[in-house]
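Just below is one structure, and these are the notes that go with it.
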Amino acid sequence: MPDYIEFDPALVEKRQVYRLLVGSVVPRPIGWASTLGRNGVPNLAPFSFFTVVCVIPPMISLTIARNPDGSEKHTLKNVRETGEFCFNVVTHPVWRQMVDSANAFPADDSEFAETGLTPIPSVKIKPPRVKEVPIHFECRLHQVIELGPNRHPLVIGEVVYMHVDPDCMAGQYIDMRKLDPIGRLNGFLYATLGEILERKFDDGMPR
Ligand SMILES: Cc1cc2nc3c(=O)[nH]c(=O)nc-3n(C[C@H](O)[C@H](O)[C@H](O)COP(=O)(O)O)c2cc1C
């Protein structure tokens, strides 16, 4: 057995705990959350602390850290105010725009305009979708759970409408090659899918 380096999160510097978390939970899917501010300006920001949390009804979660001064990011403010957001799957062709959209823009500037992306209308919610990506989930806020002493917000949204570009489908499934998603690693690193592996269960049934 190797001599593992051991860390007690209660004793280690906060930044180091973050480095261990984001270097270990990899690759993380990246979702662009589009929201509408009270000023009517569409906001877009990428999130990688993103996952599925329920199927019936469909729900996804995203964790929106506070800004270093403790204030809330525009996405969280908008979600709290309007109760709506759209999750847009980030894919390889738009990965650079995704990174650029995380720069700090004033609330009156839309990341859509700043990064040359096209907002298109949603069906059941007001925030627009990102035309340049193949999957959009329209979500209504279910709950914000505030975790730990810094009240780190975990946002849970119910998916009320789903859009998928037919070019990404193979029968009833989403075709991973056609989807070509991008994942976040640590630091400034991102990953594409690379080799895709397949191995069936003994009875051939899905789990
Ligand atoms: C790939 C990527 C993933 C990110 N994931 C998260 C995340 O999970 N949670 C978070 O709070 N910020 C995350 N960020 C940072 C936000 O996108 C960034 O703070 C953004 O400017 C917030 O915008 P807003 O103030 O318009 O909401 C991520 C940035 C990038 C580039």
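The values are calculated or read from the model by the stated rules, or taken from the named source; none is laboratory data. Computed from a predicted structure; not experimentally measured. Reconstructed Cβ throughout: ideal geometry from the backbone, glycine too, with neighbour counts over all protein chains shown.
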Segment 1-26 residues that are farther than 21 Å from Thr63 by Cα, paired with ones that are at pLDDT 95 or above and of a type in the set (Val, Ile, Thr) (beta carbon under 8 Å, 6 or more apart) = Phe7/Val17
ask   = For Pro68, all conditions in the list (1) farther than 26 Å from Leu179 by Cβ; (2) within 9 Å of the ligand (Cβ to nearest atom); (3) without any contact (Cβ under 8 Å) to a residue 60 or more places away in the chain hold save one; what is the number of the exception?
value = (2)
request  = Take Ser34 and decide whether it is among the hydroxyl-bearing types (Ser, Thr, Tyr) and surrounded by 14 or more Cβ atoms within 10 Å (Cβ to Cβ).
outcome  = yes
query = Would you pick out the residues in segment 94-114 that are of a type in the set (D, E, K, R), within 30 Å of Ile174 (Cα to Cα) and in contact (Cβ under 8 Å) with a residue 24 or more places away in the chain?
reply = Glu111
query = How about segment 52-65: which of its residues are near the ligand (Cβ under 10 Å from one of its atoms) and surrounded by fewer than 18 Cβ atoms within 10 Å (Cβ to Cβ)?
reply = Thr63, Ala65
ask   = Only one of (1) under 16 Å from the mean Cα position of the chain (by Cα); (2) surrounded by 14 or more Cβ atoms within 10 Å (Cβ to Cβ) is not met by Val164, so which one is it?
value = (1)
inquiry  = Name the single residue that is farthest from Leu154 (Cα to Cα) among those in segment 76-93 being without any contact (Cβ under 8 Å) to a residue 60 or more places away in the chain and surrounded by 22 or more Cβ atoms within 10 Å (Cβ to Cβ).
reply    = Asn88
key: Verdict on Ala33 being away from the ligand (no atom under 11 Å from the Cβ), at pLDDT 95 or above and of a type in the set (A, V, I, L, M, F, W, C)   = no
ask   = Applying the selection to segment 17-30, what residues are more than 10 Å from the ligand (Cβ to nearest atom) and assigned to a helix (DSSP H, G or I)?
value = Val17, Tyr18, Arg19, Leu20, Leu21, Gly23, Ser24
task = Select from segment 105-125 the residues that are among the acidic types (Asp, Glu) and surrounded by fewer than 14 Cβ atoms within 10 Å (Cβ to Cβ) and write down the one among them that is nearest to the ligand (Cβ to nearest atom).
result = Asp109
inquiry  = Can you list the helices (runs of 4 or more DSSP H) lying wholly within segment 67-140 that have 3 or more residues being modelled with pLDDT under 95 and over 22 Å from Cys54 (Cα atoms)?
reply    = 111-115
key: Residue in segment 37-51 that is farthest from the chain's Cα centre (by Cα), counting only those that are small (Gly, Ala, Ser) and within 13 Å of the ligand (Cβ to nearest atom)   = Gly37
